[in-house]
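The structure appears below as structure tokens.
The values are calculated or read from the model by the stated rules, or taken from the named source; none is laboratory data. Here the structure is a predicted model, which means the values were calculated and not measured. As a convention, Cβ positions derive from the backbone with ideal geometry for all residues, glycine included, and neighbour counts pool all protein chains shown.
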């Protein structure tokens, strides 16, 4: 049986297994072990434990639990509410200021938490009811937050970018820098569409009758500002070469725990344990997927599927942009069914050599890859952000939320086109701060 046929069988089997609802890590491991036994024999079981362990024996992985602790600490505290209030008080006189403040809060909270679902939950709980109360259409109010939440996997520090850097052996600091301006670009596109959609739908942009005093505007800034300082400090030491991602994440997590204790009085053992427990659960989930993906990649390589797919793609006599378009469609479809971490671990090591061989910048491709994964977060059947929003406002139907999110998907596609025409949007900051990639 040819490697391509085996690869097709692996793909079909993986989709079928994951469609049963089995956890991603166990599904990937089951498919990998089954195909290795069928085609390589029982003797291959001797190396499975070592392969799984090697997938986790990477020092950079230590940064993942630490960044997750940072995100959970911020998500559990009232920091998201305060951030939303600060932006609303400063932007309330701007036409469309409410929806701008919601999307702005999403982008900032995404940087604070690094988690898309946490961003949706934290900002959505305040923002969606307020937008609906002021007359914004349900679809726009929910779709904007669902899309704004996706920025959590692009704007640094991003767990997804860390996983990408580890799986492709690229610089995590450079990846963080590469995602910064594209994150702002998508935020701007989201804001422009939201204001236009509200205006087209007949929403009257008026100013709030009773404004906020100067004291009220600055009242909550001292609570939010220290968290922003931590994020800036973490990114500074990473870009400046002062600390490794693991060291920066550890210090950042420690100070976030200190801040939620000092500012929000969250120092009771039960509440601290809740933060650590949630972080542990999410970390174990991601690390299990990483280990299982190492088994999956080993199986594909042992059965020569990886090599055959790469050779087939390279042998296609088409323009490199056509090939990039095919890769984007493939990533979009994969993102419909699998979480971003799983797609990255399964496909990035295969696709990156092909993409760089065509002359594309590896960090530009990382951002394009991540934006495709963002679209998957607001697209059924996985569409995690859609379900988070539906949980916040159960009286708004899932089809309504999806309909409201659709234009934001097109904004992301437009963002990909803009970054393809002007790749400097991605490469400028990394090259300027860290020098050209070697």
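One residue alone among 400, 379 is modelled with pLDDT under 85 and surrounded by 14 or more Cβ atoms within 10 Å (Cβ to Cβ), and that residue is 379. For the stretch 242-269, residues that are out of contact with any helix residue (DSSP H, G or I) (no Cβ under 6 Å at 6 or more places or on another chain) and touching a residue at least 12 places away in the same chain (Cβ under 8 Å) total 3. Residue 436 fulfils the conditions (1) farther than 26 Å from residue 194 by Cβ; (2) surrounded by fewer than 20 Cβ atoms within 10 Å (Cβ to Cβ); (3) touching a residue at least 40 places away in the same chain (Cβ under 8 Å) except for a single criterion, (3).
For the stretch 69-77, state whether one or more residues are touching a helix residue (DSSP H, G or I) at 6+ places or on another chain (Cβ under 7 Å) and surrounded by fewer than 16 Cβ atoms within 10 Å (Cβ to Cβ). No: the stretch 69-77 contains no residue that is touching a helix residue (DSSP H, G or I) at 6+ places or on another chain (Cβ under 7 Å) and surrounded by fewer than 16 Cβ atoms within 10 Å (Cβ to Cβ).
Note on the stretch 20-78: enclosed helices (runs of 4 or more DSSP H) holding 3 or more residues that are over 30 Å from residue 121 (Cβ atoms) and modelled with pLDDT of 85 or more are 24-40, 48-56. If you go through the stretch 333-364 and keep only what is buried (at least 18 other Cβ atoms within 10 Å of the Cβ) and within 19 Å of residue 116 (Cβ to Cβ), you end up with 334, 335, 338, 339, 340, 341, 342, 343, 344, 345, 348.
I need every pair where a residue in the stretch 42-64 that is surrounded by fewer than 11 Cβ atoms within 10 Å (Cβ to Cβ) has its Cβ under 8 Å from the Cβ of a residue that is in a helix (DSSP H, G or I), sequence separation at least 6 or different chains. Close Cβ pairs (under 8 Å, with a partner that is in a helix (DSSP H, G or I)) amount to 59/246. The set of residues from the stretch 313-326 being surrounded by fewer than 17 Cβ atoms within 10 Å (Cβ to Cβ) and in contact with a helix residue (DSSP H, G or I) (Cβ under 7 Å, 6 or more places away or on another chain) comprises 314, 316. Scan the stretch 281-296 and give yes if some residue there is in contact with a helix residue (DSSP H, G or I) (Cβ under 7 Å, 6 or more places away or on another chain), outside any helix (DSSP H, G or I) and either closer than 28 Å to residue 189 by Cβ or modelled with pLDDT of 80 or more (or both), otherwise no. Checked the stretch 281-296: no residue is in contact with a helix residue (DSSP H, G or I) (Cβ under 7 Å, 6 or more places away or on another chain), outside any helix (DSSP H, G or I) and either closer than 28 Å to residue 189 by Cβ or modelled with pLDDT of 80 or more (or both).
Here 184, 189 are screened, and the one residue that is surrounded by fewer than 24 Cβ atoms within 10 Å (Cβ to Cβ), touching a residue at least 60 places away in the same chain (Cβ under 8 Å) and under 26 Å from residue 68 (Cβ atoms) is 184.
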